[in-house]
Amino acid sequence: MLNEANGKVHSKKAIEAMDLGEEDADFAAMFEASVKDEKSGGFAEGVIVSIKDDEDGILVDVGKKQEGLLWKSEITDENGELLFKEGDKITVAITGYRNERPALSYKKALRAKKVDTFLENYKEGEDLLIDGVIIGKNKGGYIVEGKDAYDGVEFFLPKSQAYMKDTPSTIGKKVQAQVIKVDKAAKSIVISRKVLIEAEREKKKEVIDALLASDDVVEGTIKKITSYGMFVDIGGVDGLVHYSEISYKGPVNPSKLYSEGEVVPVKAIKYDEEKRHLSLSIKAAMEDPWADLKDQLEVGDAVRVQVSNIEPYGAFVDLGNDIEGFLHVSEVSWDKNIKHPKDYITIDEEIDVEIVEIDFDKRKLRVSLKNVLPKPFETFLHEYRVGDIVKGKVATITNFGAFIKIGNIDGLLHNEDVSWDRSIKCKDAFAEGDEVEVKIIKIDREKEKISLSKKELEESPIDKFAKTHKNGDIVKATIRDKKEFGIFVKLDDGVDALIRLEDLGEKKEDELEIGEEIEAAIVFIDTEKDRIRLSVKRVAKIREKADLEEYNDDSKSTLGDILKDQLKK
């Protein structure tokens, strides 16, 4: 087994068993291709013959009557100081030829020397783990320069063993790999990332399979906390605890409950082979509080809870023991016009609620606050009666009227009850928030509805009319509307009256015109129901009676005079 972090490496036997493919058949040839070309001359012991301040090139005598060119940067330290002077001996690598002059490299010679040292100390079959940086590449793979214990040693990483995409940022990339082939004769050292990665995956798979098979609760260390959950390390394997798997309350903010580096109990619940994602759960590692709840709570119970979160659509309440209930906005208050729960409750406030629903399978619980509060309609019935005159505020205006808030109850002021003038509607008379005085004219206990009137606070036109008129009076009226059952007319005092068809007498309905003025007698005035009935045919009878009474009066006066005269005689 292998763990990249603690420096273990894959066994020699396992490496030899790997299928490296035809591409890696000759690692030595690949490595040689990366460090020399056809004209390279290997290495030479030379003497510096010329160093000029105004020139970047340094001439080095490499024997065979040849002077090679070495750049100053090859023998300059980090402070810009030259490490050699004219006449000094120096070991260089012949990397090629420019204009028949050998091209030299001191640094490459140093690296070659380090490779020689590595090869001298290498023991056949030894497993070595290398940390390094990619410094070059060719068609076959990458040149990796070792660090730390293998500082400066060049290794060859074939592409088939690299397990990485070739991008512009590949050069300079830090890598860790295992030595898989050493050819001392060719002076090549081949390394592989593939060996480490596949070994690591195999180890993780063994750990994951063991976790899923055992169903045991294990301890893990929180490595990283995000908005959607926490990454937890279990024996070198990272798994995700989604925020919905932290608490039985439901989704929570992990940063409010935990810190990176903290040790937590977890249980493996799922593994996605394709994505290589291990899912962990903290709540599955704890006792299920819902299991005990079945014997403790039922619908209708009143419990004390603490408000833990408030949203526009409702609030979440904490029952303790990691159990959370939901208080919908409609269950916060009897007020039907509630805009936001925060207007009625606050976070951390303790309130009494009634349980209205429990689903143990889905682990859902709904509660109601308004169910434990006095019902506004019942309170209203104790305080008010039909006929009471009260003050309220206009809560809502509609096409058919307005809702007036009286305490915690809305009563309806219908358009026909706002004024004796039927042309006036609530929307013409009020604005939301206006204070108005109204009379309670009806209370429907079954439907819990209250009817209000404003016009009843004023003297009605019929009441005024009744003070100056009586049954039998003949009045003039203007035809306002014609119906199947009669004619509606308007009197001079602004009140309406009805003439039934049978009371039209000799007049024919189809001969009458809207707006036409007619005479009619008052049949009755009902001030309680605001009704007046007229009759056209009764006009003639009333006038006949009046004429007869007048005639009788005249007759009685003449007979009296005759008797008086006779008595005098």
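Throughout, read-outs are computed from the coordinates displayed, never taken from laboratory work. Owing to the predicted nature of the structure, the values given are computational and were not obtained by experimental measurement. Here the Cβ is made from the backbone with ideal geometry for all residues, glycine too, and neighbour counts use every protein chain on show.
For a paramagnetic label modelled on Val299 (point 7 Å from Cα along Cα→Cβ), amide N atoms under 18 Å away belong, within the stretch 353-374, to 353-372.
Amide H contacts for Ile441 (H built 1.01 Å from N in the peptide plane; partners 5 or more residues away or on another chain; cut-off under 5 Å): Gly387, Ser451, Leu452, Ser453. The spread of Cα positions in the stretch 461-541, taken along each principal axis and listed from longest to shortest, comes to 33, 25, 19 Å.
Residues whose amide H lies under 5 Å from that of Lys364, counting only those 5 or more places away or on a different chain, are Asp359; hydrogens are built 1.01 Å from N in the peptide plane. Thinking of the chain as a set of Cα atoms, what percent of all their pairs are more than 34 Å apart? Summing the P(r) of the chain above 34 Å gives 71 percent of all pairs. Take every Cα pair under 8 Å whose residues are at least 6 apart in sequence, average their separation, divide by the length of the stretch 137-277, and the relative contact order is 16 percent. The largest-to-smallest principal axis extents of the Cα set in the stretch 215-285 are 30, 23, 22 Å. Look at the alpha carbon pairs under 8 Å that are at least 6 residues apart: their mean separation over the length of the stretch 408-488 gives a relative contact order of 27 percent. A simple rule links phi to the HN-Hα coupling: the Karplus curve 6.51 cos²θ - 1.76 cosθ + 1.60 with θ = phi - 60°, which for the stretch 117-133 gives 4, 4, 5, 5, 8, 6, 10, 4, x, 6, 9, 10, 9, 10, 9, x, 10 Hz, with x for Gly and Pro.
Taking amide hydrogens as placed 1.01 Å from N in the peptide plane, the amide H of Leu128 sits under 5 Å from those of Val179, each at least 5 positions away in sequence or on another chain.
Largest first, the three principal axis extents of the alpha carbons in the stretch 73-232 are 75, 40, 28 Å in whole numbers. Mean separation of Cα pairs under 8 Å and 6 or more residues apart, divided by the residue count, gives the chain a relative contact order of 6 percent. In the chain, helical runs assigned H by DSSP with n ≥ 4 each contribute -39500 (n - 2.57); averaged across all residues and rounded to the nearest 500, the mean residue ellipticity at 222 nm is -6000 deg cm²/dmol. Sorting the segments 370-378, 309-317 by their residues' average number of neighbouring beta-carbon atoms within 10 angstrom, most packed first, yields 309-317, 370-378. By other beta-carbon atoms within 10 Å, ranking Asp238, Asp53, Asp444 with the fewest at the front produces Asp53, Asp444, Asp238. In plain terms, if you count all Cα to Cα distances in the stretch 289-372 and split them into 5 Å steps from zero, the share in each step is 3, 16, 29, 26, 16, 7, 3, 0 percent. Highest mean packing first, where packing is the average number of other Cβ atoms within 10 Å per residue, the peptides 89-102, 147-160 line up as 147-160, 89-102. Pairs over the 31 Å Cα-Cα cut-off, from the set Lys425/Lys541; Lys256/Lys339; Lys336/Lys482; Lys173/Lys223; Lys114/Lys204; Lys339/Lys454: Lys425/Lys541; Lys336/Lys482; Lys114/Lys204. Computed 3J(HN,Hα) for the stretch 306-311, one whole-Hz value per residue from the Karplus formula 6.51 cos²θ - 1.76 cosθ + 1.60 where θ = phi - 60°, is 10, 6, 9, 7, 10, 10, glycine and proline marked x.
Packing, as the average of other Cβ atoms within 10 Å across residues, places the peptides 398-410, 274-286, 420-432 in the order 398-410, 274-286, 420-432, highest first.
For the chain, the residue among Ile522, Ala213, Tyr163 whose Cα projects farthest onto the positive side of the dipole built from Cβ charges is Tyr163. Note that the stretch 460-475 has calculated 3J(HN,Hα) couplings of 6, x, 5, 4, 5, 4, 5, 6, 10, 9, 9, 4, x, 5, 9, 10 Hz, one per residue in order, obtained from phi through the Karplus relation 6.51 cos²θ - 1.76 cosθ + 1.60 (θ = phi - 60°); glycine and proline are x.
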